[in-house]
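S.K.: Here you go, one structure.
We did not get these values from a lab; they are worked out from the coordinates using the rules stated. Because the structure is a prediction, the values reported are computed rather than measured. As a convention, Cβ positions derive from the backbone with ideal geometry for all residues, glycine included, and neighbour counts pool all protein chains shown.
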Ligand code: SF4
Ligand code: SF4
């Protein structure tokens, strides 16, 4: 979407305070309230550099205005965020945009609006303790690179933590 079109969409939108309140019930889902839209979070964002459609400043603005239909859906732009935390290091307001994005992702999941793949990843964590299965190929590559073998993860402890939430 061009910035002119985005500006038009923002102008026509009625503030959705109910969405803001709902987002605030998720961990760190209130931090966007401190954003003053400086854009410092965008410059070094790898997802923004990869795709012009992705913009953490704009996601925070949409959260502030309550663009629930755009943010909370399986093909929402939020899923392009890599959780690298660069934006959090850049933000002068300590908004921690990635934490707001994670809160948005959690809202998607709790409302059954996350991409199907996310459910598979959660299942993998419950069984293996990590998000990606360790295969013989990854072990072989580690050996080639002179890295030590991956030790087992405390799956039972991870399960306990997840179930306690
Ligand atoms: S850097 Fe922080 S204050 Fe600036 S636009 Fe991004 S989230 Fe908002
Ligand atoms: S955490 Fe997400 S939004 Fe922040 S810099 Fe990394 S990819 Fe961009």
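S.K.: Among 105, 62, which comes first, then next, by fewest other beta-carbon atoms within 10 Å?
M.R.: Taking fewest neighbouring Cβ atoms as first place, the list is 105, 62.
S.K.: In deg cm²/dmol, rounded to 500, what helix-only [θ] at 222 nm does the chain give when every DSSP H run of at least 4 residues adds -39500 (n - 2.57) and the total is split over its residues?
M.R.: Counting only the DSSP helices, I get -14500 deg cm²/dmol.
S.K.: Another question about this same structure. Only Cα pairs within less than 10 Å get springs; with that Gaussian network setup on the chain, which residue of 89, 53, 139 has the largest fluctuation?
M.R.: 139
S.K.: Give me the angle, in degrees from 0 to 90, between the Cα long axis of helix 116-128 and the longest principal axis of the Cα atoms of the chain, rounded to the nearest 10.
M.R.: For 116-128 against the chain, the angle is about 40 degrees.
S.K.: Roughly how many nanometres apart are two label points built 7 Å out from the Cα toward the Cβ at residue 117 and residue 15?
M.R.: So the two model labels end up 3.7 nm from each other.
S.K.: While we're here: Let me know the volume per residue of the alpha-carbon convex hull for the chain, in Å³.
M.R.: Per-residue hull volume (Cα only) is 147 Å³.
S.K.: Specify the angular offset, from 0 to 90 degrees and rounded to the nearest 10, of the alpha carbon long axis of helix 155-164 from the longest principal axis of the alpha carbons in the chain.
M.R.: Roughly 30 degrees between the two axes.
S.K.: Then there is this: How many nm is it between the label spots at residue 53 and residue 156, if each spot is 7 Å from the Cα in line with the beta carbon?
M.R.: The answer from the label model is 4.5 nm.
S.K.: With the contact rule set at Cα under 8 Å and sequence spacing of 6 or more, what percent relative contact order holds for region 3-110?
M.R.: Taking the mean separation of contacting Cα pairs over the length of region 3-110, I get 34 percent.
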